[in-house]
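What follows is one structure encoded as structure tokens, with my remarks underneath.
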Amino acid sequence: MLAIALQSGSNGNCIYVEANGARLLFDAGICGVKAEQRLRSYSREIRKVDALIISHDHADHISYAGVYQRKFGLPIYITQKTLQKAEGYSRLGKLSNVNYFLAGEEIRLGNVFVQTIRTPHDAVDGAAFVICAEGKKLGILTDLGHVFKELVPAVASLDAVFIESNYDPGLLAGGPYPEFLKRRIQGPNGHISNKEAAELLQAGINLKWACLSHLSEKNNNPGLALRTHREILGKSLTFYTASRHRPSGKFTV
Ligand SMILES: [Zn+2]
Ligand SMILES: [Zn+2]
């Protein structure tokens, strides 16, 4: 299995995964041109993607789903509630080839299984993902709300993970965000901090790597996020950070 974060953060999310002959895209938060070019830089063709799987209705995850579907012919996998909520967005436009899943249910795509986990994030029907293929498991766990109990056994089962590590509480407290937004981010339906993410990863006894993802621009930075994780988890785990501006590199699982 291989994975590339094409971009990660509140300015747009899109992760490519290839396993067992299936090509999957998770979320459509960067424009079609960028998604196509960034995949092409890894000799991958976006038109050959078998499924576009959407995690939740926030713009940084769903904005360009309609573009990918119409321009590149990608089948969309989404929950009915998420689609209903997002249909008001101007960019989504008319969709065809829509396949519904229920958050919490497993999606089968060829020889790949994608477990979906309902999240308490402040979207209408958010999901996180565990991709199971070739005897390995990869997690895509972002926009989590808080560390809810289903995450612990999920992390314990993983070989590798893209994990939300959104903010540092000190930077958030002293930063420029208005109070209501600070409360939203730290609240039970917002995002998880570097420390919360690191403590969750302590359950990951089989993890080979963790890619710190969905880092805030104002309330975090890659160096600080990595330091916090290494302080809590030591040096045994390999860490990467997913960029808000460029692809992460190609990771194998
Ligand atoms: Zn997001
Ligand atoms: Zn979100």
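We did not get these values from a lab; they are worked out from the coordinates using the rules stated. These figures come from a predicted structure and were not determined experimentally. Cβ atoms come from the backbone with ideal geometry, glycine included; neighbour counts cover every protein chain shown.
So which pairs qualify, if the first residue must be in the range 221-239 and in contact (Cβ under 8 Å) with a residue 40 or more places away in the chain, the second must be in a loop (DSSP other than H, G, I, E, B) and among the hydroxyl-bearing types (Ser, Thr, Tyr), the Cβ gap must be under 9 Å, and the two must be at least 6 apart or on different chains?
225/165; 228/165; 229/165
Across the range 112-121, what is the number of residues that are surrounded by fewer than 18 Cβ atoms within 10 Å (Cβ to Cβ) and in a loop (DSSP other than H, G, I, E, B)?
So the answer is 1.
Any chance the range 148-163 includes a residue that's among the small types (Gly, Ala, Ser) and within 16 Å of ligand 1 (Cβ to nearest atom)?
No, because not a single residue in the range 148-163 is among the small types (Gly, Ala, Ser) and within 16 Å of ligand 1 (Cβ to nearest atom).
Among the residues in the range 169-182, are any closer than 16 Å to residue 120 by Cβ and not in a helix (DSSP H, G or I)?
To start, the set of residues in the range 169-182 that are closer than 16 Å to residue 120 by Cβ comprises none.
Checked against the condition, which is being closer than 16 Å to residue 120 by Cβ and not in a helix (DSSP H, G or I), the range 169-182 yields no hits at all.
Give the residue that is surrounded by the most Cβ atoms within 10 Å (Cβ to Cβ), with candidates limited to residues of the range 90-111 that are among the charged types (D, E, K, R) and outside any loop (DSSP other than H, G, I, E, B).
Of all residues in the range 90-111, those among the charged types (D, E, K, R) come to 91, 94, 105-106, 108.
Applying the additional criterion that residues be outside any loop (DSSP other than H, G, I, E, B) yields 106, 108.
Details: 106: 12, 108: 10.
Once the filter is applied, the top-ranked residue is 106.
For the range 226-236, enumerate the residues that are surrounded by fewer than 19 Cβ atoms within 10 Å (Cβ to Cβ) and either over 12 Å from residue 213 (Cα atoms) or touching a helix residue (DSSP H, G or I) at 6+ places or on another chain (Cβ under 8 Å) (or both).
Of everything in the range 226-236, those that are surrounded by fewer than 19 Cβ atoms within 10 Å (Cβ to Cβ) and either over 12 Å from residue 213 (Cα atoms) or touching a helix residue (DSSP H, G or I) at 6+ places or on another chain (Cβ under 8 Å) (or both) turn out to be 227, 230, 231, 232, 233, 234, 235, 236.
I'm checking my understanding of the structure. Among residues of the range 133-146 that are closer than 22 Å to residue 239 by Cβ and surrounded by 19 or more Cβ atoms within 10 Å (Cβ to Cβ), which one is farthest from ligand 2 (Cβ to nearest atom)?
Looking at the filtered set, the residue picked out is 137.
Within the range 92-109, identify whether any single residue is away from ligand 1 (no atom under 16 Å from the Cβ), among the acidic types (Asp, Glu) and without any contact (Cβ under 8 Å) to a residue 12 or more places away in the chain, and answer yes or no.
yes
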